[in-house]
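Taking it in order: structure first as structure tokens, then the write-up.
Read-outs: derived from the displayed coordinates by stated rules, not from any lab. Just so it is clear, the model here is predicted, and its values are computed rather than measured. Here Cβ is always computed from backbone atoms with ideal geometry, including for glycine, and neighbour counts include all displayed protein chains.
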Amino acid sequence: MSEEMVIAVPEAVARAAHIDRAKYQAMYARSVSDPEGFWAEHGKRIDWIKPYSKIKEVSYDAEDLHIRWFHDGTLNASANCLDRHLATRGDQTAILWEGDDPNESKAITYRELHAEVSKFANVLKALGVEKGDRVTIYLPMIPEAAVAMLACARVGAIHSVVFGGFSPDSLANRIQDCDSTIVITADEGLRGGRKVPLKKNADAALASCPSCKTCVVVRRTGGAVEMKDGRDHWYHDLMLAASADCPPAEMRAEDPLFILYTSGSTGKPKGVLHTTGGYMVYASMTHEYVFDYKPGEVYWCTADVGWVTGHTYILYGPLANGAITLMFEGVPNYPDASRFWQVVDKHDVNIFYTAPTAIRALMREGEELVKKTSRKSLRLLGSVGEPINPEAWLWYHRVVGDERCPIVDTWWQTETGGILITPLPGATDLKPGSATLPFFGVKPMLVDNDGNVLEGATEGNLCIADSWPGQMRTVYGDHDRFIQTYFSTFKGRYFTGDGCRRDADGYYWITGRVDDVINVSGHRMGTAEVESALVAHSKVAEAAVVGYPHDIKGQGIYAYVTLNVGEEPTEELRKELVQWVRREIGPIASPDLIQWAPALPKTRSGKIMRRILRKIAANEHDQLGDTSTLADPAVVDDLVGNRMNRA
Ligand code: WTA
């Protein structure tokens, strides 16, 4: 694939778009030369209770690190997503819900959503939830997930959504880390026709969370669950008695809106904290411009609300803009692999936003499943979560979009709150595989390993030079870790953890993580987390985990495991370890390949040489480089000889 391939903005798209090339250039130039003026103006897209006079107060200096936007303004996020639309589009659909079962769907208007959210906000208050309290949400992709999140925002509580695929242990860790006193869950989730025992998982988690005293349970499948007296309440019972009148709490711009746990290169997942004002401005602005959203259009982001993409681009961005946002409970291949396109036709979806891993999986199923659907409503396609390989990009463009729909390849992170590098459909010529150019106010920079800034066409570590309103503000409960993780590697800059190339046109090409984070099907995993799950098994002495190239998942999980003396490395044990990790963390952390390692390659000071393990896992053992610093070079020969990935 030649990277020189350029797909120009179709003229008709440019004409109809909010932002064309000239406008992008002018607005971008102003956004970085006069950020105060630019954001003073664009901050107004959100309804403020008390208008701000301060715009940006930021220092990236580790000694005095602070990030504040619109500091003296007050607002409520749920009022921006609901109340302000009632007069103009109260009867328009807000959430278009499509169930796992193709025969189940429903449309919820802004007025209905407003009433539900207000009621649940009153329920939360009645359960003793106050401003600033942490509420853990462990729900499937059902409208109640949106209701719960917005109800938290309405009363000023901080939600922490935990993906429904996480294990009881992972849930418990997250509940404990933020001292959450209440959990909202469902009897069971439903995905691809299979049931997920959410309440049972929550029960197991709560057994080790004594300070979490309340559990609200949504009835989704009607499956049998145990309800613990005094602790557990049915959602529908509580809602029956609740009033639909709940004035939104007045929040300061820098009051927390949510915590979302994400994996880093070391230690336990971090509670990424986002605040209210800047996040809402950035979420709504990026949603409108990146997807070129126009009133009345049906917009579908296939993410789960358990991830940041679900927060910003299913919920807060679209609803702040009064959009019709489609929420999908199911999976791409159920009942068959044409489900996405059937849903597109069923609901006349105009804008479709998904992950490369889904594209690659569907690509393998063949064109026929796509071509038998119409997709004529589609106008724009999006990609997020991991680098999209040009082959998948071109297939998405040609087969799904019939060469008619631009693709926005959006690069961002849980930490960034919203999209930072992306094409704008009416402004940016596309290059398959490139996230292209920065959004307004974003100053990407590439630095070498010593922190020297690299100019022109080059490759390096991707940093961002200055703040944008959607940036995370801290790691919940651990501000030092925030400074350490993001602002210490390269002084005075936000370090993303990604590697990146910039071409002669100034286009950015994300090359993937340069730290010990791996990206499996667009889900972030810390290799350290998987390692610590493995060594928690009684037969395992030591483990090292790396990512390796995987056709569908982008990266797969490759584990090197050293067993305790006397343990037999059997096929059975291999399976047991996979199950063990699934139970400890969740199915998304399942190792794809486990290699028995009599020993791991270490330096004389005992440090595991991951570079070598990555090469062996990638089947590039002929490029191991210098192994002379190894304590015992023979270890490598054994690992190469017995490598698992011979693709
Ligand atoms: C990767 C998801 C290339 C990247 C929104 C980043 C991408 C990590 C892209 C964040 C993209 C996300 N192209 N890589 N368009 N989007 N990534 O926190 O490595 O789950 O650092 O946020 O995903 O993952 P996270």
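Worth a mention:
- FRET efficiency for THR88 and THR511, using Cβ-Cβ distance with R0 set to 51 Å, rounded to 0.05: 0.70
- By the count of other C-beta atoms within 10 Å, a proxy for reagent exposure, LYS294, LYS491 are ordered fewest to most as LYS491, LYS294.
- Working note: Karplus 6.51/-1.76/1.60 with θ = phi - 60° gives segment 164-176 the couplings x, x, 7, 6, x, 4, 5, 4, 4, 4, 6, 5, 5 Hz, where Gly and Pro are set to x.
- DSSP beta bridges confined to segment 141-260 are antiparallel in about 25 percent of cases.
- Inter-part distance, segment 38-64 to segment 278-301, computed on C-alpha centroids, equals 20 Å.
- Packing-based exposure ordering (other Cβ within 10 Å, fewest first) of THR511, THR185, THR354: THR511, THR354, THR185
- Each Lys or Arg adds one and each Asp or Glu subtracts one; over the other residues with Cβ under 13 Å from the Cβ of VAL218, this totals -4.
- Its residue count N sets the reference 2.2 N^0.38 Å, and the alpha-carbon radius of gyration of segment 78-164 equals 1.12 times that reference.
- Size of charge dipole - segment 217-373 - debye, nearest 20, with Cβ of Lys, Arg +1 and Asp, Glu -1, no other charges: 440 debye
- Here's the list of lysines a cross-link from LYS54 could span, going by alpha-carbon distance under 18 Å and ignoring same-chain residues fewer than 8 apart: LYS44.
- Segment 241-399: C-alpha gyration tensor shape, a/c 1.5 cut-off, then a/b vs b/c: prolate
- Value of [θ]222 nm, deg cm²/dmol, for the chain, DSSP H segments ≥ 4, -39500 (n - 2.57) each, nearest 500: -8000 deg cm²/dmol
- Cα centroid separation, segment 117-160 to segment 349-428 (Å): 32 Å
- Antiparallel content of DSSP bridges confined to the chain, in %, to 5: 60 percent
- If R0 is taken as 35 Å, the Cβ-Cβ distance between GLU57 and SER265 corresponds to a FRET efficiency of 0.75.
- Pairs beyond 27 Å (Cα-Cα), from LYS376/LYS431; LYS213/LYS270; LYS50/LYS119; LYS50/LYS491: LYS50/LYS491
- Neighbour-count order for THR93, THR109, fewest beta carbons within 10 angstrom listed first: THR109, THR93
- Cα-based radius of gyration of the chain once divided by 2.2 N^0.38 Å, which approximates compact folds: 0.94
- Here segment 523-598 carries DSSP beta bridges of which approximately 70% are antiparallel, counting only pairs with both residues inside.
- Cα centroid separation - segment 546-585 against segment 177-254, whole Å: 33 Å
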